[in-house]
Amino acid sequence: MITALFLIFQTGAAWDRVVKAQRSLGYLLVLYLFPMMLMVAVVEVFGLVEWGEPQAGLFHRIHKSTVGEAVIFEAAHSLLTLLAIVVCAVLIKILGETFHGRYTYKQTFTLVIYGLSPMFLLRLLDAVPAIIPWVTWGIGIALSIAVLYQGMWYVMQPASPNAFALYFMSSLLLAASTGLERFVTAWYLRGHFKQLETLVSNLAAHLPF
């Protein structure tokens, strides 16, 4: 999360350190992305259990999850996030090649996970029920897209004639994928997927906590 702050406030210097570090895919996944996702998940589990989440309807009602329900939800949420990141990195690599560039998957994966760091940072606020999930997503993705601009140059170094087009398409892709993920998770927490809620509750009943 400290890296996310540096990317927001010292963008160029932070991206320069990322590129010079030359981390492997395994390092990026296990020692950067997973800890960041775990931190967000733990905070959100705490919020769901202790403070709950407002439900849709005519009457203001706060639903508090059990520990099991919150853990299952966050596990599914994390897998959905990971899937979005992996797919976005693949698609950005393909986009880059359509603009006559040669890029490795490690480059695009690095760009995506560090580029989305500000959004993960804002997701910590989702634990507070008074904060609308779309607000944290909106601010987070706006910061991520801003950070992505310099990251594109540092990590991928696209040819000047194609740089802005690649940046624009990559930004749209990240916004669309994370927006879809936010819609599904927020809709669930607001109580719109009753059958899925029942399934999660039944699964949680068999957990030892």
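Data overview
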{"quantity": "Residue among 80, 121, 48, 125 that is outside any loop (DSSP other than H, G, I, E, B) and farther than 24 Å from residue 200 by Cα", "calculated": "121"}
{"quantity": "Among the candidates 52, 96, 47, residue that is touching a Lys or Arg at 6+ places or on another chain (Cβ under 6 Å) and either within 30 Å of residue 11 (Cα to Cα) or of a type outside the set (S, T, N, Q) (or both)", "calculated": "52"}
{"quantity": "Which numbered condition residue 114 fails, given (1) surrounded by 13 or more Cβ atoms within 10 Å (Cβ to Cβ); (2) at pLDDT below 95", "calculated": "(2)"}
{"quantity": "Condition check for residue 70: more than 13 Å from the chain's Cα centre (by Cα), assigned to a helix (DSSP H, G or I), at pLDDT 90 or above and loosely packed, with under 13 Cβ neighbours inside 10 Å", "calculated": "no"}
{"quantity": "Residue that is nearest to residue 5 (Cα to Cα), among those in the range 126-141 that are surrounded by fewer than 18 Cβ atoms within 10 Å (Cβ to Cβ) and among the aliphatic types (A, V, I, L, M)", "calculated": "139"}
{"quantity": "Search result, residues across the range 164-180 that are farther than 22 Å from residue 134 by Cα, surrounded by 16 or more Cβ atoms within 10 Å (Cβ to Cβ) and either free of Cβ contacts under 8 Å to residues at least 24 places away in the same chain or in contact with a Cys (Cβ under 8 Å, 6 or more places away or on another chain) (or both)", "calculated": "167"}
{"quantity": "Qualifying residue in the range 91-102 (condition: assigned to a helix (DSSP H, G or I) and within 18 Å of the chain's Cα centre (by Cα))", "calculated": "yes"}
{"quantity": "Residue selected from the range 15-34 under the condition touching a residue at least 40 places away in the same chain (Cβ under 8 Å) and more than 16 Å from the chain's Cα centre (by Cα), by the criterion surrounded by the most Cβ atoms within 10 Å (Cβ to Cβ)", "calculated": "15"}
{"quantity": "Lone unmet requirement of (1) loosely packed, with under 13 Cβ neighbours inside 10 Å; (2) in a helix (DSSP H, G or I) for residue 39", "calculated": "(1)"}
{"quantity": "Residue within the range 88-111 that is closer than 30 Å to residue 195 by Cα, in contact (Cβ under 8 Å) with a residue 60 or more places away in the chain, touching a helix residue (DSSP H, G or I) at 6+ places or on another chain (Cβ under 7 Å) and surrounded by 20 or more Cβ atoms within 10 Å (Cβ to Cβ) present", "calculated": "yes"}
{"quantity": "Odd one out for residue 82, checked against (1) buried (at least 18 other Cβ atoms within 10 Å of the Cβ); (2) closer than 27 Å to residue 65 by Cβ; (3) modelled with pLDDT of 95 or more", "calculated": "(1)"}
{"quantity": "Some residue of the range 189-205 being under 21 Å from the mean Cα position of the chain (by Cα) and surrounded by fewer than 20 Cβ atoms within 10 Å (Cβ to Cβ)", "calculated": "yes"}
{"quantity": "The range 131-168: number of residues that are assigned to a helix (DSSP H, G or I) and closer than 23 Å to residue 16 by Cα", "calculated": "26"}
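The values are calculated or read from the model by the stated rules, or taken from the named source; none is laboratory data. Just so we're clear, the structure is a prediction, and the values are computed from it rather than from any experiment. Glycine gets a Cβ as well: all are built from the backbone with ideal geometry, and neighbour counts include every protein chain shown.
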